[in-house]
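Below: one structure, written as structure tokens.
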Amino acid sequence: GTTGGGATTQSGETIKKDQFVFSLDETYTNYENVSQAEAEERAGRSGEFDALRDAYLTNITLGYGVTNDFQIEGGIGWYSGRNFIDAHREEPGSHEATSAFNGRHSEEIETSSAIGNPEGLTDLMLRGKYRVMKGEFGHLSVIGGGIFPVGTDNERLSDGDKLEPSSQPGTGEFGIQSGLAYSRYLTTNLALDASAIYTYRFEDDDFQVGDRLDTSVA
């Protein structure tokens, strides 16, 4: 999804009491290079087609150890997408299909498209991690928190239409996160980390961004 970064592995360990951890990460995603004409041609076959050339996502996260076994953290990011194309097929007889003409369309062509470069703040993430097991068999923690819709959700295309929520920097929807994280030292210099976090999204304005499951092993 364009509003989320790649899966990052959470550790089963927690921050020591009264300590802070600050992290900064940058994710770059490159997609298939689709021209505006190609997008319209695909939309003519399928009814609708979206494309994005590439995207940058910069995230900052701050964590604090409340106790040796419980930490809280918050994170927010800046999303920047380049060359987003929204193409769709017009219904025969519609105003757009019969009268639109901007150098790319004629009365015989019943597809249209608009472009944009959406960017802005992402939604805010706040969550806690509580370690429920530690010892010779490793560290196991439970994770819970929420997604708060403070991000940019009003980016528009060149034709003035608003991007759908799943293509915005912020979704405009609340979410709930829950998951598990496990860590174990294999040797003094080698550790295994694994985590799984499920994000449930609520509906807003009759639109619901899909839930997601992020699993990772490092």
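The values are calculated or read from the model by the stated rules, or taken from the named source; none is laboratory data. What you see is a predicted model; the values in this text were computed from it and never measured. We place every Cβ from the backbone using ideal geometry, glycine too, and count neighbours over all the protein chains shown. Ligands, DNA and RNA are stripped out before the accessible areas are found, and what is left, the full protein with its side chains, is counted by its heavy atoms. Shrake-Rupley method; radii C 1.70, N 1.55, O 1.52, S 1.80 Å.
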Next item on the list: Pairs of lysines 8 or more apart, or on different chains, with alpha carbons under 23 Å: count those in the chain, would you?
Entry: 4
Check: When the chain is modelled as a GNM with alpha-carbon springs shorter than 10 Å, which of G151, G160, G75 fluctuates the most?
Finding: G160
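Could you state the accessible area per residue of the chain in Å², with a 1.4 Å probe and every protein chain left in place? Each step should come with its number before you reach the end.
Details: 12360 Å² over 218 residues.
The answer is 57 Å² per residue.
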Checklist line | Label-point separation in nm, K162 to E91, each point 7 Å along Cα→Cβ | finding: 2.2
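Which three numbers, in whole Å and largest first, are the semi-axes of the equivalent ellipsoid of the chain derived from its Cα gyration tensor as √(5λ)?
Numbers: eigenvalues 379, 54, 41 Å².
Result for the chain: semi-axes of 44, 16, 14 Å.
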Margin query: As an exercise, identify the chymotrypsin sites (Phe, Trp or Tyr not before Pro) in the range 165-214 lying in DSSP coil whose Cβ has no more than 15 other Cβ atoms within 10 Å.
Written below: F174, F202
Notebook entry, point to check: With axes computed from alpha carbons, what is the tilt in degrees of helix 36-46 against the longest principal axis of the chain, rounded to the nearest 10 within 0 to 90?
Noted result: 90
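What do you reckon, how do L124, L52 stack up by accessible area (1.4 Å probe), largest on top?
Numbers: L124 45, L52 15 Å².
Largest accessible area first, the list is L124, L52.
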Next item on the list: Mind telling me which of G170, G144, G81 comes out most flexible in a GNM of the chain, alpha-carbon contacts under 10 Å?
Entry: G144
Checklist line | Listed residues N117, N154, N30, most fluctuating in the chain (Gaussian network, C-alpha, under 10 Å) | finding: N30
Margin query: Rounded to the nearest 20 debye, what is the charge dipole size of the chain about its Cα centre when +1 sits on each Lys and Arg Cβ and -1 on each Asp and Glu Cβ?
Written below: 1460
Next item on the list: Would you mind computing, in nm to one decimal, how far apart the modelled labels at T61 and L121 are, each placed 7 Å from Cα along Cα→Cβ?
Entry: 2.0
Next item on the list: Can you send over the carbon and sulfur percentage of the accessible area for the chain, probe radius 1.4 Å, protein chains only?
Entry: 53
Item checked: Relative contact order (percent, whole number), the chain, Cα cutoff 8 Å, 6+ residue spacing -> 20
Margin query: If I take R0 = 30 Å and measure r between the Cβ atoms of A218 and E136 in this structure, what FRET efficiency does the formula 1/(1 + (r/R0)^6) give, to the nearest 0.05?
Written below: 0.90
